[in-house]
Amino acid sequence: MPSHDPTQPADVPRAGTSPAHSSPVGAPAGPSPADHPRADHPRAGHGLAAALGIAEPLINAPMAGAAGGLLAAAVSAAGGLGMLGVGGGASDDWLHEQADLAAGVGRPWGAGFMAWVLADSLDPLRAVLEHRPSLVCVSFGEPGPAAALARDAGALTAMQVGSAAELRRALEPDIDVVVCRGGEGGGHGRDEVATLPLLQLALDATDKPVVAAGGIATARGVAAVIAAGAQAAWVGTRFAACAESLSHPRAKDAIAAAGTDDTVYTRAFDIAQGIPWPAEFGGRALRNAFSRRWAADYEGLADALNADPSLSAAIEEARSSGDTSLAPVYAGQSAGMSPGHETAADIVAELAGFRALLASAAERWPAGR
Ligand SMILES: Cc1cc2nc3c(=O)[nH]c(=O)nc-3n(C[C@H](O)[C@H](O)[C@H](O)COP(=O)(O)O)c2cc1C
């Protein structure tokens, strides 16, 4: 069990403070201490949503290649927290353009980065911070230097955790929000622990706001994690397939057609493309012809790449042409609950139905019975 000293004040955002609305987050002059979104304050009922200034406890996962400014803006406009996903190789122009779009609706928004990418240079984070995100998530590696920079700019910091060891890291004081990301989730992460065990572990271990991620795609999923004590749900796959996602239309079709059993967790796509993800982070993607052949045979794949290095370029080509038999379509088990091509606003409105589910559960199980 991760250690936590409950006698220490929880490092929880102050309820009723919206960084994007009431404090100059990331403003050139810097936020004044009074405006800063973090403060020593006991856990408030709706702490994180209130601190972020969002109406719905819903966050679209930052997804490189899917969550650009258009998606982030649509989710924020609908009352959730829209997030940009920043991967490796994003140009400065692209970052400013997408961050402008996200910030353009005048609502709180955020961005997610890969720690192992930022280890080379913090410049992509610096570029995004110029646009004053309210939340900066740094996952997949050591988040320290990026978290310090984000906090200096007045943003709240988050880290996705996929194991008890990662949870211990996120309980350090530089991380404000713990995102429990189970192995059923889409895209990169760990495949060690599922969402519910992680969520229960984290909620028992900390007074920091905890957000649940992985396998949540319906109002039922949102209700489950909110009832357990999560302060928000972090939804990836369903948004990856929606109208505003940057994903290839054929990738969206493939997610829409996939069932819950149709995903595989593998490093094969990264190995084939020469993407230097740390080995502990594979990715969950839809099964396709490529992964059926190589997902369980990395040595054979390395031999095949030595014999025919053009495989890497072929995958790149398949990604741009939308050949989903060869290209990775990163998606989680919730693909089976993701109809695809809906608007982000419709998804947020549907997920907001979690309230009716909580009310009906409370009616079925009144206290004291
Ligand atoms: C297409 C796709 C791309 C992703 N890219 C990123 C990323 O760039 N950064 C990140 O922190 N997480 C990324 N993730 C993981 C998500 O943040 C989140 O953990 C996951 O989507 C949650 O599970 P779900 O897909 O079942 O909702 C990605 C997920 C998907 C589906």
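The values are calculated or read from the model by the stated rules, or taken from the named source; none is laboratory data. Predicted, not measured: the structure shown is a model, and the values here were computed from it. Reconstructed Cβ throughout: ideal geometry from the backbone, glycine too, with neighbour counts over all protein chains shown.
Scanning segment 158-172 for residues being in contact (Cβ under 8 Å) with a residue 40 or more places away in the chain and within 15 Å of the ligand (Cβ to nearest atom) gives a total of 4.
When segment 262-273 is examined, which residues are found to be among the hydrophobic types (A, V, I, L, M, F, W, C) and either surrounded by 22 or more Cβ atoms within 10 Å (Cβ to Cβ) or more than 20 Å from the chain's Cα centre (by Cα) (or both)?
Residues of segment 262-273 among the hydrophobic types (A, V, I, L, M, F, W, C): 264, 268-269, 271-272.
Within segment 262-273, Ala268, Phe269, Ile271, Ala272 meet the criteria.
For Val117, state whether it is surrounded by 24 or more Cβ atoms within 10 Å (Cβ to Cβ) and among the aliphatic types (A, V, I, L, M). Against the criterion (surrounded by 24 or more Cβ atoms within 10 Å (Cβ to Cβ) and among the aliphatic types (A, V, I, L, M)), Val117 does not qualify. Among the residues of segment 172-197, which ones are within 24 Å of Arg151 (Cβ to Cβ) and crowded, with 20+ Cβ neighbours inside 10 Å? Selection gives Ile175, Asp176, Val177, Val178, Val179, Cys180, Arg181, Gly189.
Considering only segment 298-317, I want to know if a residue exists there that is touching a residue at least 24 places away in the same chain (Cβ under 8 Å) and either assigned to a loop (DSSP other than H, G, I, E, B) or of a type in the set (Lys, Arg) (or both). Checking segment 298-317: not a single residue is touching a residue at least 24 places away in the same chain (Cβ under 8 Å) and either assigned to a loop (DSSP other than H, G, I, E, B) or of a type in the set (Lys, Arg) (or both).
Picking from residues in segment 301-334 that are hydrophobic (A, V, I, L, M, F, W, C) and farther than 25 Å from Glu184 by Cβ, the one that is nearest to the ligand (Cβ to nearest atom) is Ala318. Considered as a group, the residues in segment 230-261 that are more than 13 Å from the ligand (Cβ to nearest atom) and charged (D, E, K, R) include one that is surrounded by the fewest Cβ atoms within 10 Å (Cβ to Cβ), and that residue is Asp261. Number of residues in segment 226-250 that are out of contact with any Pro (no Cβ under 9 Å at 6 or more places or on another chain) and in a helix (DSSP H, G or I): the value is 7.
Taken over segment 173-216, the criterion of being touching a residue at least 24 places away in the same chain (Cβ under 8 Å), away from the ligand (no atom under 14 Å from the Cβ) and of a type outside the set (A, V, I, L, M) is satisfied by Pro173, Asp174, Asp176, Gln200, Asp204, Thr206, Asp207, Lys208, Pro209. Is it true that Ser321 is under 17 Å from Leu246 (Cα atoms) and among the polar types (S, T, N, Q)? Answer is yes for this residue. The single condition among (1) outside the structural domain of Met83 (by TED's automatic domain parsing); (2) surrounded by 13 or more Cβ atoms within 10 Å (Cβ to Cβ) that Ala345 does not satisfy is (1). Inside segment 103-117, residues that are touching a strand residue (DSSP E or B) at 6+ places or on another chain (Cβ under 7 Å), more than 15 Å from Ala155 (Cα to Cα) and part of a helix (DSSP H, G or I) make up a count of 1.
The single condition among (1) surrounded by fewer than 21 Cβ atoms within 10 Å (Cβ to Cβ); (2) touching a strand residue (DSSP E or B) at 6+ places or on another chain (Cβ under 8 Å); (3) under 22 Å from Ala243 (Cβ atoms) that Val329 does not satisfy is (1).
This table checks each residue for (1) within 20 Å of Lys208 (Cα to Cα); (2) touching a Lys or Arg at 6+ places or on another chain (Cβ under 7 Å).
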site	(1), (2)
Pro124	no, no
Leu135	yes, no
Ala146	yes, no
Arg169	yes, no
Val177	yes, yes
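Of all residue pairs spaced 6 or more apart or on separate chains, those with beta-carbon atoms under 7 Å, a first member in segment 349-364 that is modelled with pLDDT of 95 or more and a second member that is of a type in the set (D, E, K, R) are Ala352/Glu56; Leu357/Arg220. Filtering segment 54-107 to residues that are without any contact (Cβ under 8 Å) to a residue 12 or more places away in the chain and within 13 Å of the ligand (Cβ to nearest atom) leaves only Gly89.
Being touching a helix residue (DSSP H, G or I) at 6+ places or on another chain (Cβ under 9 Å) and at positive phi narrows it down to one residue among Gly259, Gly274, Gly236; which is it?
Gly274
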